[in-house]
Amino acid sequence: ITPKLLGAEGRAPLKYPAIRSPGQREGYKGVFQDQLAEYTELLGEVRAARRGRGGPEGPGGQWPQHVTSRTVGPSVAPSGRQDWAFLEKQQRCEYLKKKLTHIKARIQDYDRDTRDSTGRF
């Protein structure tokens, strides 16, 4: 079974249902691995773009926790035009991070419940 994410991109993902079988866990694991590869690549592009623009100052070139794409708005390219492609990548990156965090939690919950039900510690 391939889980489907319900909800529009840019909003927090709606919950994947709880994992009930080893096969379903493997499906979630596959989705996680695919999305992690996309997230890692996209994060590298976003960070490179920030560095190229003299992006946020601070460790790792990241915006402070309270600053999001909604508060910063679209970046401005050297030509003075708004760089909507960068904003879209940044929002996709934020969305994927939320989705990956949620899927990982579901897998960990299943693993913990399975371990607890078999009596292993």
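If you plug each phi of region 33-40 into the Karplus form 6.51 cos²θ - 1.76 cosθ + 1.60 with θ = phi - 60°, what whole-Hz ³J(HN,Hα) values come out, in order, with x for Gly and Pro?
5, 4, 5, 5, 4, 5, 4, 4
Set the Förster radius R0 to 30 Å, insert the Cβ-Cβ distance between Asp113 and Glu45 as r into 1/(1 + (r/R0)^6), and round the FRET efficiency to 0.05.
With a Förster radius of 30 Å, E is 0.20.
Could you give the length gained by full extension between Gln91 and Arg20, i.e. 0.36 nm per residue of separation minus their alpha carbon distance, to one decimal place?
Details: separation 71, 0.36 × 71 = 25.56 nm, distance 3.13 nm.
Once the chain is fully extended between Gln91 and Arg20, it gains 22.4 nm.
How about Lys104: which aspartates and glutamates have a C-alpha closer than 15 Å to its C-alpha, ignoring those fewer than 8 places off in the same chain?
Glu26, Asp34, Asp113
Rank-order 96-108, 17-29 by packing density, defined as the average count of other C-beta atoms within 10 Å over each peptide's residues, highest first.
Working: 96-108: 15.9, 17-29: 14.0.
Going from most to least packed, we get 96-108, 17-29.
Return the long-range amide H neighbours of Asp83 (sequence gap of 5 or more, or a different chain), with a cut-off of under 5 Å between placed amide H atoms.
Residues meeting the criterion, in which the H sits 1.01 Å from N, are Ser75, Val76, Ala77.
Every number in this text was worked out from the coordinates using simple rules, so none of it is lab data. In this text the structure is predicted, and so the values were computed from the model without any measurement. Backbone-built Cβ (ideal geometry, glycine too); neighbour counts: all protein chains shown.
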